[in-house]
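What follows draws every value from the coordinates through simple rules; no lab data is involved. No experiment lies behind these values; they were computed from the predicted model shown. Neighbour counts run over all protein chains shown; Cβ positions are idealised from the backbone, glycine included.
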Amino acid sequence: MDHTSLFTAALGLQAPWEVTRVSFDPTKGRIDFEVGFRPGTRFACPACGAESQPVHDTLPRSWRHLNFFQYQAYIHARVPRVRCRACGKTRQVPVPWARPDSGFTQLMEALIVTLCRAMPVRQVAALLQVGDMRIWRILDHYVTAARAREDFSQVRAVGVDETAARRGQDYISLFCDLEGPRVLFGTEGRKAAVFERFVDDLEAHGGCGENIKELCMDMSASFRAGAQAQLPWAEITFDEFHVIALVNEAVDAVRRAEVRERPELKRSRYLWLKDKQAWNQSQIRQFHDLSRRGLKTHRAYRIKEALREIFATATNPAEAEALLDKWYSWARRCRLEPIKAVAATLKRHWQGILNAFDSRLSNGPVEAINALIQAAKARARGYRSPQRLITMAYLIAGDLKHLPASPYATATAPQGRP
Ligand SMILES: [Zn+2]
């Protein structure tokens, strides 16, 4: 086998395409493959499919391919255009190794997609010496194509949560399939309108708003309004995570008001908000000291912990309701305004909170997905736009079944297996 036929085989090219020339320049760190087709070859018309149309002219194009050892590899070809005698159109013939208009081979794009699932785009760009804008365009293409083939017809239970693309700004709302768990849909903003967009997207994927029987979310007015308008069939659950987060805000409000007269409360914020199992030695000592000083903050903390205890121990809605009623009268009589206010808020959503004890449905899977996305976001040091965060959420947590596989996984798979 001469070296051009060796490379023709290694690149997976089939007639009429073949490698005609290889040039290797170690000083520039690159290897270039000239690919061509035999003179007189005829091609099918890309517009109408008519077979055996003669070549009208050719245009030179280049594609970046997988590295050849440590060298960047490029494929160059004069791509034919046919002037079709059947339909009269002049069209460029697609090449088997690349998508139309891409400057990369499909294997190179598959590698880029694979790497971006595990590391930040910026690092992939540096590693492959490719501009990060080009990488984002590739990700957008493959994520959109893969999502178009996803089936949401079996989705019954949905959790929705908000997350920021950058620290404290550019919010997106993420809708997750609680039974996946997987990200179904991400969209900019956190207003009621996000529910309308979700239902449109659900229907575009064979799903149906009436199928959604369970909805897990926070108690924000905009989410409630959106759910009411778009998913009135769903039983709403306000999950433990969001309920406790709300009460934690009240505890912190009590501490902020009290710290002015009680300086010993300084630097104790996380003590009161953190799970006590997560306290370190100095926080345990700090609590031991502060808990004996008759502080309002400590009282607020005990009310919050009592609520957490109910979530941890109640096994059914009836038991939970009895315990929550007792908790509510304690919280309403505590003379701590922020706690009284949050207790009133919870009381307005009693049924949604009680539902958490029925279905045992929680946004746990959504929180897990959110953690994955936050970790990617931290590695990337935030995303420049909400759309990039959404693309990344689909890529790493969308459970997309039609993304290109790693070129190396395919190359090493035993014969006969996918
Ligand atoms: Zn044609």
Relative to the first principal axis of the alpha-carbon coordinates of the chain, what is the inclination of helix 386-397, with its axis defined by its Cα atoms, in degrees from 0 to 90 and to the nearest 10?
90 degrees
Distance violations [Cα-Cα > 18 Å] among Lys296/Lys340; Lys274/Lys347; Lys326/Lys347:
Lys274/Lys347
Chymotrypsin sites (Phe, Trp or Tyr not before Pro) within segment 7-111: which are DSSP loop residues with at most 11 other Cβ atoms inside 10 Å?
Phe69
Taking the reciprocal of mean 1/r across every pair of different Cα atoms in the chain, the Kirkwood radius in Å is 25.9 Å
Convert each backbone phi in segment 156-165 into a coupling constant with the Karplus relation 6.51 cos²θ - 1.76 cosθ + 1.60 (shift: θ = phi - 60°), then list the ³J(HN,Hα) values in order as whole Hz, x for Gly and Pro.
10, 10, 10, x, 10, 8, 10, 8, 9, 6
Diagonalise the Cα gyration tensor of segment 3-103 and give the resulting equivalent ellipsoid semi-axes, square root of 5 times each eigenvalue, largest first, whole Å.
29, 13, 10
Within segment 221-273, trypsin sites (Lys or Arg not before Pro) in DSSP loop having at most 11 other beta-carbon neighbours inside 10 Å:
Arg260, Lys266, Arg267
For the chain, longest principal axis from Cα atoms; helix 240-258 axis from its Cα atoms; angle between them, nearest 10 degrees, is 60 degrees
For Phe357, Phe195, Phe152, which order do you get if you count the other beta carbons within 10 Å of each Cβ and list the fewest first?
Phe152, Phe357, Phe195
Once the Cα atoms of segment 174-279 are picked out, what are the Rg and Dmax in Å?
18.6, 60
Percent of Cα-Cα distances greater than 24 Å, calculated over segment 241-357
26 percent
Isolated Cys residues of the chain, judged by Cβ distance under 4.7 Å to other cysteines:
Cys116, Cys176, Cys208, Cys216, Cys334
In deg cm²/dmol, rounded to the nearest 500, the helical mean residue ellipticity at 222 nm of the chain, built from -39500 (n - 2.57) for every DSSP H run of length 4 or more, is -14000 deg cm²/dmol
Those trypsin sites (Lys or Arg not before Pro) in segment 283-345 that DSSP places in a loop and that have at most 11 other beta carbons within 10 Å
Arg292, Arg293, Arg333, Arg335
